[in-house]
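Heads up, the thing below is written out as structure tokens.
The values are calculated or read from the model by the stated rules, or taken from the named source; none is laboratory data. Predicted model, so just to flag it, every value in this text is computed and none were measured. Every residue, glycine among them, receives a Cβ derived from its backbone with ideal geometry; neighbour counts consider all protein chains shown.
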């Protein structure tokens, strides 16, 4: 089948699933899966082939003729929508089932279909007006998914914040597309690199899409929305929805001329975002909030690659530019995959223990072995460690940045700090993920709920296994994925288009990673067997000879992250309440620590308060007395008269 | 032929590595005026541990044994990327230096994971310190790598390590030596002699390990020490420009000098308080950064 037909069938089945979803969960799942498979095959056809899909229709929507385009770049993101949309749907049948949530589950299915459909439309739309419509529908669908559990006030607050932030971003996008249309005389989108007057529009676009992508400091909506949404929604928000912001920036930075400062600004945003995102992550004690901040970090990593590519493009350095862009693009996929996997894992934990607080977990590997194993795999992948996929994309970014440094041009001064930021970020990410996986899964259960946890069922496990499988595949055989990435690079910058030349080191890295994985597996199994054969016995944890260690004596997540979080004291600004034990017979003591959302509470909050104060002061004018309104009228008329008289004198 | 070469190379790494801690201990004993344990003590320990059974915590998952195994494989793989002077590396490709750094990180992840298995507060402290201080030492290490890369215009270890580090060699050597001390948990960052303290890093992490997994950890740690000693030697000395015999001599001499240096530092310094550890590591980072600036200027001139 041609990509066009595949897309049509995908769109039809997902559209039908909106209608049938609330009533028939099984049909809904089948339709979504058909849609996801069809969309992925269409995307793959475009990515592997050479021709793009370009469909001009003659019927107008909203006054503009419908124009759909699926080129390699949108196909690349469509794959992600298909994979996460499909696996998330499987996951939700068990995680957010009708049995548990009779009211919100049917609604959730319809909104999920709507979200997947509108995400596809964003990627296909090749007309500014339709892009905006699809973008708005996607934002609203995501809002209703985030607030599925709308009885809880913090969910409503998170949804509200998300909606408000998204619409502030939307204002910039309106301005961007409106100005673009007025300058080019048409809403049609497409390559227009030669119209150099369009370059300043980049800043509007960066702000508009940056809010959606959640780049620091525009990430204010992201942590609470990701933490409070149902986990399958967090997965698609973090894995796909925020990537749409990245898509927008890549899309239009490829099509429009770029201002000279674009590259350095994007790489700077990326480096600070990655560093501060992970600093906030390591200080969190809520597992989903930690994952959410880690998304901020990974978006930073993607921005580093993208900024590098922009710099390289402006200097015409194809060699290293292609490497960093390839790293950024592959990281879009990788982060989508392992972050969805981790959110699925977090959902499974939440399902089993009923809490997101890591201090109430512990020892879950015994009761939830599948979740523990798959979460651990995701943790290794997201820390960028070999032999999994996270390392491949970070390594490509590193290679490109090192080449930029060695080229010793002006770009070296942007690449040098970026390399350092990337290294520190990587080490901090490792610390964060050792923290989260060990506090949650290892040691002794800290509460009764944690001790009586249960592992997830086959639907949740299956969707996690599928994502883990793709993570392993990209890690062990990156060579297979290079042609797809190379084709996207060719679309972004036609000057960098090449036919199938694989960077030599990538061809070596794949087998090395595969051998490493095999050896690691063999060594682990071998050492396990050998030790057992030598004789093994179980005993209490030694704990310095203490005979009765309890679960409360374990190291907590807060203490684990304390050293690294201490270095970022200046921005984290933790709020601490300490009640020391007092007197001869101390009754109680407590220590509570809260990490505020610094940008939201210390910057945006005070600004909002100031606006509110001014508005309240102005409201004093309106107190419902007719006499004062007449007085205002008289004063107003008098002022006008004075103006007229003064004007007449000139 | 290739198989023979790989076996030989593995044998060199596996067999020579445990010698280093023995030399360090001998130096310490010599400075203190004691006889000290035999140089081959670690070999005896490893052989004994390998024959023993294991005692597992009731809380430990299979990851408790898988962690040390994977960490050992990661360290072994990292050693195979490091060129051995004239005979080069087992595998060399563009960007292999980054794989090396991330293999060390993988080993760190696995050791810290295994330490957290037992739910013991001491091991929690140890791994928290390990992963946190690694942030600074990784920054210093990557700066050192950048220095070498800028100096040689390459990101392949064989090419990067062939010439001397140029004018910034002293700075780079000092920086790398600091990283070596931190990454291998030596004084003044950590004290490998004791593990009954609240104040240790590496030794606190392996409190509950025993038998073959402990052997894997100890052997892995000695390989890591040899790796850093070789890296330091090859970064500073122009090993690639010497004749085969001279290069082998330079390598052996360099590693010996570094090892003796570690022993001397350990004899003459006390362990630092933990709040001073980040400062010392930052100093190491700054040394590497200055080396980078020197390399940058050197290349531009």
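As a summary of the residue check, residue B:63 satisfies the conditions (1) buried (at least 18 other Cβ atoms within 10 Å of the Cβ); (2) within 7 Å of chain A (Cβ to nearest Cβ) except for the one numbered (2). Selection of segment A:513-552 for residues being under 22 Å from residue A:473 (Cβ atoms), out of contact with any helix residue (DSSP H, G or I) (no Cβ under 7 Å at 6 or more places or on another chain) and facing chain B (nearest Cβ under 9 Å) yields A:515, A:521, A:522, A:525.
Could you grab me the full set of residues in segment B:145-173 that are within 11 Å of residue B:296 (Cα to Cα) and not in a helix (DSSP H, G or I)? Answer for segment B:145-173, where residues must be within 11 Å of residue B:296 (Cα to Cα) and not in a helix (DSSP H, G or I): just B:153. Here the condition is being out of contact with any helix residue (DSSP H, G or I) (no Cβ under 9 Å at 6 or more places or on another chain), in contact (Cβ under 8 Å) with a residue 12 or more places away in the chain and assigned to a helix (DSSP H, G or I); of A:142, A:164, it holds for A:164 alone. Scanning for something exposed (fewer than 15 other Cβ atoms within 10 Å of the Cβ), over 15 Å from the mean Cα position of the chain (by Cα) and in contact (Cβ under 8 Å) with a residue 12 or more places away in the chain, does segment B:231-238 turn up at least one residue? No, segment B:231-238 has no match at all. Within segment B:278-301, being farther than 17 Å from residue A:405 by Cβ and modelled with pLDDT under 90 holds for one residue alone: B:301. Does residue A:117 satisfy the criteria of being over 17 Å from the mean Cα position of the chain (by Cα) and assigned to a helix (DSSP H, G or I)? So residue A:117 fits the description; yes. Once segment B:84-98 is narrowed to residues that are surrounded by fewer than 19 Cβ atoms within 10 Å (Cβ to Cβ) and within 18 Å of residue A:507 (Cβ to Cβ), the residue that is nearest to the other protein chains (Cβ to nearest Cβ) is B:91.
So residue A:367 passes all but one of these: (1) modelled with pLDDT under 95; (2) within 30 Å of residue A:576 (Cβ to Cβ). Which condition number does it fail? Only one criterion is unmet by residue A:367, namely (2). Would you confirm, using the coordinates I've provided, whether residue A:555 is within 7 Å of another protein chain (Cβ to nearest Cβ), under 30 Å from residue B:206 (Cα atoms) and either buried (at least 21 other Cβ atoms within 10 Å of the Cβ) or without any contact (Cβ under 8 Å) to a residue 24 or more places away in the chain (or both)? In short, yes. Screening residue B:55 on (1) within 7 Å of chain A (Cβ to nearest Cβ); (2) more than 25 Å from residue A:522 (Cβ to Cβ); (3) at pLDDT below 95 shows it passes everything except condition (2).
Annotation note: of A:220, A:266, the sole residue that is touching a helix residue (DSSP H, G or I) at 6+ places or on another chain (Cβ under 7 Å), over 30 Å from residue A:190 (Cα atoms) and either at pLDDT 95 or above or in a loop (DSSP other than H, G, I, E, B) (or both) is A:220.
What residue, of B:44, B:102, is free of Cβ contacts under 8 Å to residues at least 24 places away in the same chain and within 8 Å of chain A (Cβ to nearest Cβ)? Steps first, please.
Details: B:44 fails: within 8 Å of chain A (Cβ to nearest Cβ).
Going through B:44, B:102 in turn, the sole match is B:102.
Within segment A:569-580, not a single residue is closer than 26 Å to residue B:131 by Cα and at the interface with chain B (Cβ under 7 Å from one of its Cβ atoms).
Could you check, for segment A:43-52, whether at least one of its residues is assigned to a helix (DSSP H, G or I) and surrounded by fewer than 16 Cβ atoms within 10 Å (Cβ to Cβ)?
Residues of segment A:43-52 that are assigned to a helix (DSSP H, G or I), as a first pass: A:43-48.
From what's left, surrounded by fewer than 16 Cβ atoms within 10 Å (Cβ to Cβ): A:48.
There is at least one residue in segment A:43-52 that is assigned to a helix (DSSP H, G or I) and surrounded by fewer than 16 Cβ atoms within 10 Å (Cβ to Cβ).
Could you list, in sequence order, the residues of segment A:401-418 that are at the interface with chain B (Cβ under 8 Å from one of its Cβ atoms) and buried (at least 22 other Cβ atoms within 10 Å of the Cβ)? Explain how you work it out, then say what you get.
Step one: of segment A:401-418, the residues at the interface with chain B (Cβ under 8 Å from one of its Cβ atoms) are A:402-403, A:405-406, A:408, A:416.
Correct list: A:402, A:403, A:405.
Filtered by the rule that a residue be under 23 Å from the mean Cα position of the chain (by Cα) and outside any helix (DSSP H, G or I), segment A:388-440 gives a lone residue, A:388. Is there a residue in segment A:366-385 that is surrounded by fewer than 24 Cβ atoms within 10 Å (Cβ to Cβ), more than 26 Å from residue A:558 (Cβ to Cβ) and more than 11 Å from every other protein chain (Cβ to nearest Cβ)? Yes, because at least one residue in segment A:366-385 is surrounded by fewer than 24 Cβ atoms within 10 Å (Cβ to Cβ), more than 26 Å from residue A:558 (Cβ to Cβ) and more than 11 Å from every other protein chain (Cβ to nearest Cβ). Pairing each residue of segment B:251-278 that is more than 14 Å from chain A (Cβ to nearest Cβ) with any residue that is exposed (fewer than 15 other Cβ atoms within 10 Å of the Cβ) and at pLDDT 90 or above, provided the two are 6+ apart or on different chains, yields C-beta distances under 6 Å for B:267/B:31. Contact annotation: residue pairs with Cβ atoms under 6 Å, 6 or more positions apart or on different chains, pairing a residue in segment A:446-465 that is surrounded by 15 or more Cβ atoms within 10 Å (Cβ to Cβ) with a partner that is in a loop (DSSP other than H, G, I, E, B) and at pLDDT below 90, are A:446/A:362; A:450/A:362. Residue by residue through segment B:225-246, note down the ones that are farther than 19 Å from residue B:148 by Cα and in a helix (DSSP H, G or I). Passing the criteria: B:225, B:226, B:244, B:245, B:246.
Can you pull out every residue in segment B:137-153 that is under 17 Å from residue B:274 (Cα atoms) and facing another protein chain (nearest Cβ under 8 Å)?
Going residue by residue through segment B:137-153, those that are under 17 Å from residue B:274 (Cα atoms) are B:137.
Matches in segment B:137-153: none.
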